[in-house]
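Below is one structure; the comments refer to it alone.
Bear in mind that the values in this text are calculations on the coordinates, not laboratory data. A quick note: this is a predicted structure, and the numbers were derived from the prediction, not measured. All Cβ positions, even for glycine, are placed from backbone atoms using ideal geometry, and neighbour counts span all protein chains on display.
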Amino acid sequence: MAFTETRAGTQKTSWLAKNKLNIAPWLFLAPALLYFAIYVVVPIFESIWLSFYEWNGLYRADGTSTASWVGFENYVKLWDDPKFWISLKNNVLWLVLYMLAVPAGLFIALFLNQKTPGMRLYKSLFFFPFVISQVVVGLIFGWFYNPDFGVVGTIWKALYCEETVNILGNATFKCSRAAPDILSSPEFATYGIIAAGLWPQIAYCMILYLTGLNNVAADQIEAGRLDGAKGWKMLWYVVLPQLRPATFIAVVVTVIGALRSFDMIAIMTQGGPFGSTNVLAYYMFETAISEYGERYGYGSAIATVLFLIMLVYISYFLWRMYQDEKGAH
């Protein structure tokens, strides 16, 4: 009997010793996975489930919910909702124009990746937009676009206005045409917000490419020079292939940033004028929380559509990453 217990204890100890390298990573990952499951995965499924209900967020006196099952009715309403299609169109516009951050970040990184005096200062200045809060960026560009005292208004006065001084010494401006109020224009407001969002996004892509450029193999650069490659040929055939990991991360982060755009719109236009700058994330917030009647089910349906769009992109990028890793081995 004693021999059996000792043998079992030895087997247990040897199993732990044999698998401790496999168990250790999961022990470290367990808190993060638990946090991710509680605050990300569970809310996603709850939001999808809530999208099949009509609910104003209230409970009865006995603690039961006032939600009523409507099935796919919220999604049918989305199909006939012009505000939803405007928001979806703006999300696509954000996605297309936001991709400019990737090549812009690359060329700035190539410019800054030089060993010249004062380059660290330039790197800090270009890095600065990334550390600023999105709220602060929105406020800065709101002042920038102001037609009265902003940079746009000042440039406009210099180009199209004449300054006159009356007998009291007060200066007035007589303009041939009124200064554009970008954020009050349904045609240009979305482009103005996207331009504001590109400022910190370009800085982020620049940081990724600067990190990637530090890992470019010097021997391949020298080999390219010996083969006569320089300029664009050096960049295209030697440098860019080694920057594929940085490009992959930059594209993924930029796509996600474009699809979940919210802060800039909330600060600069609140979805206006006339809902022309709405995106799915802000329209979801506006529908579920801000509107009278608080339609949580309808807002959850908008959130589900946005999640599915992001899921398609993320799944594609993960599949590409898996294929690259598989090809590397």
Quick shape check on the chain: root eigenvalues a ≥ b ≥ c of the Cα gyration tensor, a/c under 1.5 is rounded, otherwise prolate if a/b tops b/c, else oblate, and it reads oblate
J(HN,Hα) series, the stretch 77-90, from Karplus relation 6.51 cos²θ - 1.76 cosθ + 1.60, nearest Hz, glycine and proline x: 4, 4, 4, 9, 9, x, 5, 5, 5, 5, 5, 5, 4, 5
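So what is Rg over Rh here for the stretch 181-220, counting just Cα atoms and using Kirkwood for Rh? Could you put the intermediate results ahead of the total?
Working: Rg = 17.1 Å, Rh = 12.4 Å.
That ratio is 1.37, to two decimals.
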Treating only the Cβ of Lys, Arg, Asp and Glu as charged (+1, +1, -1, -1), what charge dipole size does the chain show about its Cα centre? Round to the nearest 20 debye. 1260 debye
Any idea which of LEU139, LEU16, LEU100 is furthest toward the positive side of the dipole for the chain, if Lys and Arg beta-carbons carry +1 and Asp and Glu beta-carbons -1? LEU16
State the three equivalent ellipsoid semi-axes of the stretch 241-329, derived from the C-alpha gyration tensor as the square roots of 5 times its eigenvalues, in descending order and whole Å. 34, 16, 7
Can you pull out the cysteines in the chain that have no other Cys Cβ under 4.7 Å? CYS205
Order of ARG244, ARG60 - criterion: other Cβ atoms within 10 Å of each residue's Cβ, fewest first: ARG60, ARG244
Quick shape check on the stretch 133-288: root eigenvalues a ≥ b ≥ c of the Cα gyration tensor, a/c under 1.5 is rounded, otherwise prolate if a/b tops b/c, else oblate, and it reads oblate
Hits in the stretch 136-166: amide N under 18 Å from the 7 Å Cα→Cβ extension of SER176, namely 153-164
GNM, the chain, Cα, under 10 Å: largest mean-square fluctuation among ALA104, ALA250, ALA196? ALA104
Reachable lysines from LYS20, criterion Cα separation under 17 angstrom, eight or more residues apart if same chain: LYS12
For q values of 0.17 Å⁻¹, compute log₁₀ I(q)/I(0) with the Debye formula on a Cα-only model of the stretch 198-247, without solvent. -0.54
Residues whose modelled amide H sits under 5 Å from the amide H of TYR53, counting only those 5 or more places away in sequence or on another chain, are VAL70
